[in-house]
Structures are given as C-alpha cells and as structure tokens.
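One structure is given below, encoded as structure tokens.
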Amino acid sequence: MADEGIGRVEAIEALTRKSLWLASWMVHHANHIRPNVDGVKVGGHQASSASMAALLTTLYFGILKPEDRVAVKPHAAPIFHAIQYLMGRQTRQKLIDFRAFGGAQSYPSRTKDTDDVDFSTGSVGLGVAFTAFASMIQDYVRAKDWSGKDRPEGRMIALAGDAELDEGNIYECLLEGWKHGLRNCWWIIDYNRQSLDGVVREGLYDRIEAIFKAFGWKVVTLKYGALQRAAFAEPGGDRLKAWIDACPNDLYSALMFRGGAAWRERLTDAIGDQGDVSALLARRSDEELATLMANLGGHCVESLLDQFEAADSEQPTVFINYTVKGWGTPLAGHKDNHAGQMTSAQIEQLRQSHRIRDGHEWDLFEGLDDPEALSDFVRNVPFNTTLPRRLTAPAVPTIGPQFVGTGATSTQAAFGRILDAIAKSDSEMARRIVTTAPDVTVSTGLGAWVNRRNLFARKEMADLFQKEAIPSTQKWRFTPDGQHMELGIAEMNLMLMLGAAGLSHSLFGERLLPIGTLYDPFISRGLDALNYACYQDARFLLVGTPSGVSLAGEGGAHQSIASPLIGMAQDGLASFEPAFADELAVIIDWAFDYMQRSGDARSDLADWPRDVTGGSVYLRLSTRSIEQVPREVDNVLANSIIRGAYWLKPPTPECEVVVAYQGVLASEAIEAAARIGGDRRNVAVLAVTSADRLNAGWQASQRARLHDDQTTVSHIENLLSEIPHRAGIVTAIDAHPATLGWLGSVLGHRTMALGVEHFGQTGTVPDLYRHFGLDAETIVSAAGQVTSRRSIMNAF
Ligand SMILES: Cc1ncc(C[n+]2csc(CCOP(=O)(O)OP(=O)(O)O)c2C)c(N)n1
Ligand SMILES: [Mg+2]
C-alpha cells in the first residue's frame, strides 16, 4: 500500500492544504470581505473545518467509492464545499457566496446545495444516526427481488464531531442497529476533544470504546501520525509517547495554541532532563516540534489511508481519530475557537505560508507544486468517476381508494382495514410499501398488514408461538421478503427510519412507500428527527393514532393537543385528520401518489404549491368509533377532501351559523347542527379534513394577490363566500383551537374556536368532551354567541 501510495499520499496532502486554505478563505471572505448589509454576524467554522481537513480530503480523494453515502459533520461544511470545488462539483461563485442567499450552505444540505451532499446535517447527532438507518434500508431493498441487487453495495459513513456523541439519539440507534444486524456503516469521529463551549472530559475514548464494543462494533483508534510514530522509535521516544499519553486534553490544546517555543519549554521541563529526550527535542526547530506535536493520527494522510484500507469487513466500525481543532491555523487548540475566526493579519499570514498570490485566492491549485499532475489525480479518483451518484426510481402507480364498508368505525380501525385490503392486492404499490412502528404495531392498527406481509429480517425466523400451536391473532414471521420493520420504543428511531426509507429512491434507486405509525402525542418525542426527515425531502406516510382527549381512559399523559399545529407548521408534511373511513381511503390513495411526485416548484403561487413537488403526509387518527355517512364518494367530493374541506351540510343563502369541525368531533358537530336547526336557525356544517392544506391554500392565494394575480381564489375562500357576512362560525377540534380559529379571518366572519388547551383527565369520552367544552351542548351555546345580534363591542 505504502509503495503505490507515495504519489497518492503526496497528492492528498497537497489537496488537504488546498482545501484547508479554501475553507478558511471562504469563511473569511463571507465575514470580512463581502459587504455586510444588516450588521448580523455571518459566521462559519474555520477551526471545525481545519480539524477535519485531512480526514475529509483523504476520504474523498482516496477511499470513497461512488456508491458510498456520507453524512458530513455540519460545521465542516466549508471544507466539504472546498473539496467538492476541487472535484469540479461545486462552482467558484457558490463558494464566494458561502452563507449568502443562493450560495453554498452553512451546513451541507442535500436539497439546497448543488454539490454532492448525500445526507443533510445541522442538528448534531441526527446525521450520524441516519447513516445507520440508511444502511438498514440498503439491506432491506437488496433483500428484495428487485433490479437494484446488481448495484454495488455502499458503505454508509458519518463524519462526526466528538461532542455529537452527547446526543441520546446516537445510543438509541446503536441499540436498534444491533437488533437489525447493522452492516456497512462507518462512524469516523473527529476526536479533537473540544465541543462548542470548551474542552471535553478526559478519557472519553475509553467510554466510546466500551459502548461501541458492547453493541458489536469494531473500534479503531488512530492516535499518532507517522511523524510521531517515527519520533517514538528514536532514542527517548518512548518517554515522549508516555508524556503525550498522560497529557490532559486541555493542556495539549493550550500548548497547541501557544506553539513550538511553548512545547519546547513544557517538554523540557517535564521530560527533557534525560539525555535521549533532550537530544530528540534538540534535533528539531520550534516549528518542527510544533509540527510533530500536531501530527496526531487524524491529520496524517498516510495513517488515515492505512486505517481505512485495513477496514475491509462489513462489521460496523467506529474510528476514533485524534485531531486538533483548528489544526494548521493560528486557531489551533484554543478553547474558544469554535466560532472563532482568524483575524485579517492571521489570514494574511496563512496566505503567505500557502503561497497564495493576492487576487488568486480562489484559484484551484494556486501555490501547489505540479498543478497538472494534481488535476490528473483529481480527475481519476474513484469517487469522481461516476456521475450522477444521486439515483432515481420511477413512480409506482396507485391502486385507487380502498373503501372498507359503511358501519360505525374509527379512523384507526379503518386504517387497519385499508392496509389489509392493500396487502391482499397483488400490486406493485403493495410490494413497495414498508411499514414500521416503535413497538406499537398492533395497537396502531398494523396487525393485519403484518400478518399478510410479514416482518423483515435478513435471515428467516419462524413465529415460535405458531410453531408451538399457541393461538394468537398475530403471526410474527421474520423473512427477507417481509415488509415490516419492527422497532424498539424510540420515536427518534422511527422518524430516522422513515427518513432513510423515504430517500431510498434517491440513495439506492429503489422506490419505497414507507408508513410509520405511533401514538400521536409521541410525535413530539421524535420531532427533531421528523423535521430532519422533511428537511431532506424524504417521502413517507406518518400515522399518529390514537389522538386527542378522545382516547379517554388512556388519560392525560397520552392525549395530544399540539399535533395538528405541528402538522400545519411542519414544512414538507401535508397533514390530514379525517372523520370518516371513506375520506381516509381517498386520502391514503392520494398520499401514495403525492409521496412520489417530483415536479419542479411551480412559479405561480397557486392553491397548494407543493402539489407539484410532492412531499410527505401525516394522518391524525382516532380509536373513537363514529357513525359513517352513507354516500358514494364522487370526484368532486374526493377533490374537496384532498383540498381540505367540504360542506357536510351545505349553507343556504339565509345561513346564520356554520359549525366547522376537524376529525372525530364530526358526531358532536352533526348533533349540534341538528339541535340548532331544531331551533329554526339556519345552520351549515363544514367538514374540515385538513386545516393544513386549507390554510396553505389560503396563504398561497393571498400571496398571489400580493404579486398582482387577482384571479386566484383559494378553496376556503370559495367555500366561505357561500355564506352571508353576518353569519357566525363555530369551530371544533379535539386539539388546540388555533388549528381552526383562523377561519374567521378568511372573509371576516365572527368566530368562536372550541378545542383543548390544557392537559386532560382520565374519563369517558362524554366526561372529557363536557370538561373541555367540546360536546354538542357547548357547540350550540357557542353558536348562540356568534349569532347574537349584540355586537361583542357592546360589552366594553
Ligand atoms: C442539536 C444541536 N444542538 C446544538 C447545536 C449547536 N452546536 C453546533 S456545533 C456544537 C459543538 C460540536 O462539537 P463537536 O461535535 O465536538 O465538533 P467540533 O469540535 O469538531 O467542532 C454545538 C453544540 C447543534 N448544531 N445541534
Ligand atoms: Mg469536538
């Protein structure tokens, strides 16, 4: 390896220097040279980038194969962009515009950056864990009889900061990875022993090693670079090694910052009284001594190449690579260097030491020897030979809504029956569905689906209870062609799994239609990972059930209040809360199509801007059974269900009050309307299936009008234009009232919004509806309020 690697090592060392310069300059330029128009700090991370310069450069130019997929430490974005630029995958202009509008992103983004980002990062820990789930999904798609089997298997690689290991989701995912026989996963830790605020605890590597080994990972530690190893072999070198090993993190960092003379002074004091060591130190100038002490394994290209090339098994592997934060810059080792930046004088010094001429700061190989050989080298590195690395898969046709009968039912039960109907179908759509749940498979309605489509495991495993002839409604057979990924109780893992499965078409060229279920309140538990999945434009169907206070006896700890607002505010997620099984059938059919759309964002700001680009879908369901409406769902109704609302009881020109509800309060709304009508008041009922889409359509049409398009009218504006201005609206939802309260602003109708604002109680549904004022009686009283002739202003 060493023989053939001489040219390669030199080339990668030169490229490391170059990417270190470009990253440093990129941040400097954004902060100190580009005019600052708003007085707000631009930011960027020179020290975190420098820490990984050799690691990233070695990987991209020496180790990675096109089929590998990488999550880069978020604050190493500058060095990542620099490497992409050197490879010809990033433009100079984007570097000049780093952190500016439309420029290279502050943290690598697979949706916004135009260079080759596999996984977005930003919220520390998530990108790391994501690689484990991507690896499980790679195994899942390769176990199927699909054409992608012929593609080479990739390694899922995370480049992590050492402080990222403080995030709990790392450990949740280690446990899940162990259960699923995780393979082909590398986590490379930039062990600079610094976080944002300071220096990390001594001996962290010990803990890391023990934890990873416990979960079946191989642990590779690279502490010393080749220069250090050579020095250790000199007479007295063992004393130097012992001193380095015993040196506390903060002292090493401080001496790194202070430089060669300080190293000499300290080492002479500590160990230099022995002839051999004194000679060892004396043989080196201050500068050489500083270089030697900075030559930790993570900065030594030769050692890094050896380390990665030796890791040839599929066992998941963690690499603990010792580094110095700010390596190769005047920021090296300073405890405040996370957001610290070089001064203009310091960057000038760096420019000189890198032999960069004034005005040539962005030039590709400026200041390097033999640019032609380097350019040849870059052209031929394995990673840079296949384009594009990002894959696609054709959309799978949907099979149409599965209507599952007309008797009283809950949306959760209907969900189970719809999936069962899909499971029975011999369709490509059914084959591409993969379900997953964090230990709530049966209690969220997936039982029938799993009985038909089985659980996934790389190796066959029979259901022991079945073998022992013990009666059970659940048949839990694990097989490679199974279509359910059973997870432990960690909602972060659910969201990460959905994220990885929802990018399968792009990562592995195989379309998946992932469905994840969980108890609705626990969405909050996985919220950052859900946001992260949406941020990466992963496509999945998330089902929150049961929800709200309607789960009655389950009590306050399990009642969700905020989730419809989360659904509305979460970008990339269209949320629905149907009341009836036929609505759900229509929504699920639409969702499978919507999840696979990939059109360009449309320029007109029409009804629902994401209808062309597509996205993920969230369904809020319930276990409360309600009477169904006997009807045929025609295209007009189906279309309205998808747009977010329809008249369950249409208004007449004399309409005095509208009861608008979302979800299970349909029955209370219908009952209240009957009572109000009985009092001879003219009432209409608006069934809202998606406050989210309804609201977004309204926002979009208002924006269109701001842009002088006066012709656009949203669905909700059309609906409410059918009622007189003096009519009032009562909204009702088993969730926060703000979800529907905005309806009054659309055309200015007086509105009272009913809902849940406080933690709930245990009780029956009528108890709780009465307690929160969601019952038919309260709706009737509220209708009286909003239609009262007495203006509310009279009260003041
Ligand atoms: C979830 C989350 N919390 C906080 C932050 C803010 N933050 C950014 S980097 C960082 C410290 C990272 O330290 P480490 O991972 O060791 O990276 P390095 O030392 O290489 O910069 C923190 C706290 C974040 N990005 N994400
Ligand atoms: Mg660190």
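The table below lists the values:
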item	result
Among (1) without any contact (Cβ under 8 Å) to a residue 24 or more places away in the chain; (2) within 29 Å of GLU265 (Cβ to Cβ) - the single one LEU296 does not satisfy	(1)
Restricting region 549-591 to residues that are more than 27 Å from the chain's Cα centre (by Cα) and in a loop (DSSP other than H, G, I, E, B), the residue that is farthest from VAL664 (Cα to Cα)	GLY555
Elements of type helices (runs of 4 or more DSSP H) contained in region 234-327, each with 1 or more residues being touching a strand residue (DSSP E or B) at 6+ places or on another chain (Cβ under 6 Å)	249-258, 301-310
Positions within region 118-156 being among the hydrophobic types (A, V, I, L, M, F, W, C) and within 16 Å of ligand 1 (Cβ to nearest atom), in sequence order	PHE119, VAL124, LEU126, VAL128, ALA129, PHE130
Qualifying position, being touching a strand residue (DSSP E or B) at 6+ places or on another chain (Cβ under 7 Å), closer than 30 Å to VAL37 by Cβ, more than 16 Å from ligand 2 (Cβ to nearest atom) and modelled with pLDDT of 95 or more, among ARG69, ARG99, ARG110	ARG110
Sole residue being surrounded by fewer than 22 Cβ atoms within 10 Å (Cβ to Cβ), without any contact (Cβ under 8 Å) to a residue 24 or more places away in the chain and on the phi < 0 side of the Ramachandran plot, chosen from HIS338, HIS360	HIS360
Residue that is nearest to THR411 (Cα to Cα) [pool: residues in region 498-544 that are among the hydroxyl-bearing types (Ser, Thr, Tyr) and buried (at least 24 other Cβ atoms within 10 Å of the Cβ)]	THR517
Candidate set: region 270-279, residues that are over 50 Å from the mean Cα position of the chain (by Cα) and surrounded by fewer than 17 Cβ atoms within 10 Å (Cβ to Cβ); chosen: the one farthest from ALA231 (Cα to Cα)	ASP273
Cβ-Cβ under 8 Å pairs, at least 6 apart or on other chains, region 1-20 side closer than 15 Å to ILE356 by Cβ, far side of a type in the set (D, E, K, R) and at pLDDT below 95	ALA14/ASP369
Residues satisfying the stated conditions in region 165-199, i.e. out of contact with any strand residue (DSSP E or B) (no Cβ under 8 Å at 6 or more places or on another chain) and among the acidic types (Asp, Glu)	ASP166, GLU167, GLU172, ASP197
Matching residues in region 189-231 - criterion: being among the aliphatic types (A, V, I, L, M), closer than 23 Å to THR291 by Cβ and buried (at least 19 other Cβ atoms within 10 Å of the Cβ)	VAL199, LEU222, LEU227, ALA231
Qualifying residue in region 7-28 (condition: within 16 Å of ligand 2 (Cβ to nearest atom) and of a type in the set (Val, Ile, Thr))	no
Test: residue in region 91-106 that is within 16 Å of ligand 1 (Cβ to nearest atom), buried (at least 22 other Cβ atoms within 10 Å of the Cβ) and under 22 Å from the mean Cα position of the chain (by Cα)	yes
For ARG357: the one exception among (1) at pLDDT 95 or above; (2) of a type in the set (D, E, K, R); (3) within 16 Å of ligand 2 (Cβ to nearest atom)	(3)
Residues of region 181-214 that turn out to be in a helix (DSSP H, G or I), among the β-branched types (Val, Ile, Thr) and within 16 Å of ligand 1 (Cβ to nearest atom), as a count	1
Flag if VAL70 is under 24 Å from the mean Cα position of the chain (by Cα) and not in a helix (DSSP H, G or I)	yes
Flag for VAL659 being part of a strand (DSSP E or B), among the β-branched types (Val, Ile, Thr) and touching a residue at least 40 places away in the same chain (Cβ under 8 Å)	yes
Residue satisfying condition, being touching a strand residue (DSSP E or B) at 6+ places or on another chain (Cβ under 8 Å) and either at pLDDT below 95 or under 22 Å from SER575 (Cβ atoms) (or both), within set LEU498, LEU455, LEU464, LEU503	LEU498
Among the residues listed as VAL40, VAL9, the single one being part of a helix (DSSP H, G or I) and more than 25 Å from CYS185 (Cβ to Cβ)	VAL9
Flag if ALA373 is closer than 29 Å to ASN454 by Cα, hydrophobic (A, V, I, L, M, F, W, C), out of contact with any Gly (no Cβ under 7 Å at 6 or more places or on another chain) and in a helix (DSSP H, G or I)	no
Out of ARG750, ARG703, sole residue that is of a type in the set (D, E, K, R), at pLDDT below 95 and at negative phi	ARG703
Whichever residue in region 160-180 is part of a helix (DSSP H, G or I) and of a type in the set (D, E, K, R) and, among such residues, is farthest from ligand 1 (Cβ to nearest atom)	LYS179
Qualifying residue in region 128-139 (condition: within 16 Å of ligand 2 (Cβ to nearest atom), assigned to a helix (DSSP H, G or I) and among the β-branched types (Val, Ile, Thr))	yes
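So that you can scan it fast, the table gives a plain yes or no per residue for (1) modelled with pLDDT under 95; (2) assigned to a loop (DSSP other than H, G, I, E, B); (3) among the small types (Gly, Ala, Ser); (4) surrounded by 20 or more Cβ atoms within 10 Å (Cβ to Cβ):
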site: VAL612; (1), (2), (3), (4): yes, no, no, no
site: VAL617; (1), (2), (3), (4): no, no, no, yes
site: SER622; (1), (2), (3), (4): no, yes, yes, yes
site: VAL629; (1), (2), (3), (4): no, yes, no, no
site: GLU632; (1), (2), (3), (4): no, yes, no, no
site: VAL636; (1), (2), (3), (4): no, no, no, no
site: ILE641; (1), (2), (3), (4): no, no, no, yes
site: LEU648; (1), (2), (3), (4): no, no, no, yes
site: PRO651; (1), (2), (3), (4): no, yes, no, yes
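Table: residues versus (1) surrounded by fewer than 20 Cβ atoms within 10 Å (Cβ to Cβ); (2) of a type in the set (Gly, Ala, Ser).
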| position | (1), (2) |
| --- | --- |
| THR731 | no, no |
| TRP742 | yes, no |
| THR751 | no, no |
| HIS758 | yes, no |
| GLY763 | yes, yes |
| ASP767 | yes, no |
| HIS771 | yes, no |
| GLU777 | yes, no |
| ALA782 | no, yes |
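Yes or no, residue by residue, for (1) at pLDDT 95 or above; (2) within 28 Å of the chain's Cα centre (by Cα); (3) buried (at least 20 other Cβ atoms within 10 Å of the Cβ):
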| position | (1), (2), (3) |
| --- | --- |
| MET1 | no, no, no |
| ALA11 | yes, no, yes |
| HIS32 | yes, no, no |
| PRO35 | yes, no, no |
| GLN46 | yes, yes, yes |
| SER51 | yes, yes, yes |
| GLN84 | yes, yes, yes |
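Per-residue answers, yes or no, for (1) more than 21 Å from ASN249 (Cα to Cα); (2) modelled with pLDDT of 90 or more; (3) within 16 Å of ligand 2 (Cβ to nearest atom):
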| site | (1), (2), (3) |
| --- | --- |
| ASP197 | no, no, yes |
| GLY203 | no, no, yes |
| GLU209 | no, yes, no |
| ALA214 | yes, yes, no |
| LYS218 | yes, yes, no |
| GLY225 | no, yes, no |
| GLU234 | yes, yes, no |
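The values are calculated or read from the model by the stated rules, or taken from the named source; none is laboratory data. Here the structure is a predicted model, which is why all the values come from computation and not from measurement. Ideal geometry is used to build each Cβ from the backbone, glycine not excepted, and the neighbour counts take in all protein chains shown.
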